[in-house]
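The values are calculated or read from the model by the stated rules, or taken from the named source; none is laboratory data. Quick caveat, the model's predicted, so the values are computed rather than measured. Methodologically, a virtual Cβ is constructed for each residue, glycine included, from the backbone with ideal geometry; neighbour enumeration extends over all protein chains shown. Just the protein is used for accessible areas: all its heavy atoms, side chains included, with ligands, DNA and RNA removed. Shrake-Rupley method; radii C 1.70, N 1.55, O 1.52, S 1.80 Å.
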Amino acid sequence: TLVDLIMPKVDGIGMLRKIRLDPWGKTAQVFVLTNLNDADKIPEVTELDCFDYIIKSDWHIDDVVSKVLERLT
């Protein structure tokens, strides 16, 4: 599952919290994919057992896809 920290209805951290409340979501592999390079957000996301924190502007889309596939296998 991919979430961004900035989304229209709920932010990524709020979404991640909701995902973790669901029985399926407790063990779901969630990637945060965002343009926010905010050092304060990383520990907050880590506490919610985020699988990886990817800053979009640092990556080409093909590399993001490769990284996600690599982490999932």
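Residues checked against (1) assigned to a helix (DSSP H, G or I); (2) of a type outside the set (Gly, Ala, Ser); (3) on the phi > 0 side of the Ramachandran plot; (4) surrounded by 12 or more Cβ atoms within 10 Å (Cβ to Cβ):
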| residue | (1), (2), (3), (4) |
| --- | --- |
| 6 | no, yes, no, no |
| 14 | yes, no, no, yes |
| 23 | no, yes, no, no |
| 27 | no, yes, no, no |
| 33 | no, yes, no, yes |
| 43 | yes, yes, no, no |
| 57 | yes, no, no, no |
| 68 | yes, yes, no, yes |
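For the stretch 45-55, the set of residues classified as open to solvent by less than 80 Å² (accessible area, probe 1.4 Å) and in contact (Cβ under 8 Å) with a residue 24 or more places away in the chain consists of 45, 48, 50, listed by residue number.
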